[in-house]
Every structure is written in C-alpha cells, then in structure tokens.
Amino acid sequence: MKKTLLFICLASFLWSCNSKSDEKTASTDGTTMSSTAMDLPYTASYSSNFNDSVSDADLKTVLMSYKDWADGNISGLSAAMADTADIDMSSGDHLHMSNADLMKMWSTYRDSLSSVTIDMQGWKKMYSPDHKEGHIVTWYKEIDIYKNGKADSAYYSDINRVTNGKINWYSQYKRPAK
C-alpha cells in the first residue's frame with residue numbers, strides 16, 4: 001500500500017511538471033484563447049516548463065548505466081558519464097568529480113557487492129526549453145547483496161541530466177524498503 005501511494009504521488013508530481021500553466025479555452029466562435037494562469041503559491045526557481053523532447057538515445061544511455069551498474073560493468077558505466085560530473089548522493093553529499101575518480105569510487109563500492117538487482121519501475125523524459133537541458137527521471141527498487149551475505153534494498157528516485165549524450169549531473173533520492 002505504501003509503495004503504491006509513493007508511486008501515485010511521484011507520478012502525479014511528474015505529470016504536474018508536464019502540465020501547461022496557460023490552459024486554452026474555447027470561445028463562442030470555435031477558436032481557442034488563452035486563459036489567465038492560475039494564482040499559484042510558488043513560482044518555480046528552475047523551471048516549470050518541461051516537455052518530453054529528450055532523445056531515445058539519451059534515454060538508452062541512462063537506462064544502460066543502471067544495467068551496467070547491476071552487471072558490474074564499470075567501463076560501460078564510465079562510457080555513459082561525462083568527463084566530469086556533479087553527483088548529489090542520497091546521503092546529502094555533493095560531489096564534483098572527474099570520470100576516472102568517480103569510477104574509482106564506484107568500483108570500490110561495487111566490488112563489495114556480490115550482486116545487484118534493479119527493478120526499474122518507471123522513467124520520464126523531461127526537457128527544459130528554458131535551460132535547453134534534458135533530464136531522465138527514474139524510479140526503481142534496488143536489491144544489493146554484499147559479499148558477506150548481508151542484503152540491502154531500497155526504493156530510489158533519480159534525476160539524470162544528459163548533455164551531448166553523457167550524464168553530467170545525477171541526483172539520487174532513497175527510501176529504504178521494508
């Protein structure tokens with residue numbers, strides 16, 4: 001039940017980000033006209049203007065990065081990342097690292113795991129015309145099995161910014177699975 005509620009809330013949020021703030025209404029002569037924007041309590045500081053004009057190639061790059069992580073293919077993961085990337089971890093840490101340093105850090109962590117299973121539950125392509133930036137938002141469940149036998153599972157929601165076919169910003173949100 002909690003899982004269903006979380007995904008309904010996330011889907012509603014993503015759908016609302018894609019809604020048009022200036023709705024069209026029909027006039028008496030059959031043409032459409034813009035109505036006044038709603039009086040909302042906040043104005044988006046980044047953007048509230050998103051569409052899904054992100055290439056399928058960028059979507060595949062992002063999804064393959066998750067597959068490469070699960071398979072332990074660090075060189076494939078490295079190919080998906082830009083030369084330098086900003087990473088906002090679920091722990092609250094912000095990292096600005098070169099691809100090589102990032103792969104060294106992630107390799108060390110991935111080597112502590114005997115298996116990773118990702119249940120990719122959904123994704124949304126989001127393009128911001130205001131900033132000319134493409135994002136892929138993903139939500140999934142990940143089950144990590146450590147080499148000592150300990151299992152850890154959590155639900156994640158990530159934002160991956162893709163520029164020139166490479167992930168250059170990644171922000172992760174985590175909720176432990178019960």
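Computed quantities for the displayed model
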| quantity | calculated |
| --- | --- |
| Burial ordering of ARG110, ARG175, fewest other beta-carbon atoms within 10 Å first | ARG175, ARG110 |
| Whichever aspartates and glutamates have a C-alpha closer than 18 Å to that of LYS147, once near sequence neighbours (fewer than 8 apart) are set aside | ASP71, ASP111 |
| Relative packing of 142-153, 76-87, which averages over residues the other C-beta atoms within 10 Å, highest first | 76-87, 142-153 |
| Per-peptide average of other Cβ atoms within 10 Å, ordering 43-50, 166-173, 101-108, 134-141 highest first | 134-141, 166-173, 101-108, 43-50 |
| Scattering profile of segment 51-176 at q = 0.17, 0.20, 0.21 Å⁻¹ [log10 I(q)/I(0), Debye over alpha-carbon scatterers] | -0.88, -1.24, -1.37 |
| Spatially proximal aspartates and glutamates relative to LYS125 (Cα-Cα < 14 Å; intrachain offsets below 8 disregarded) | ASP52, ASP56, ASP58, GLU133, ASP158 |
| Listed peptides 69-75, 114-120 by packing density, highest first (mean Cβ within 10 Å) | 69-75, 114-120 |
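Bear in mind these aren't lab numbers, they're just calculated from the coordinates by the rules spelled out. Computed from a predicted model, the values in this text were never measured in an experiment. Cβ sites come from the backbone with ideal geometry, for glycine too, and all protein chains shown count toward neighbours.
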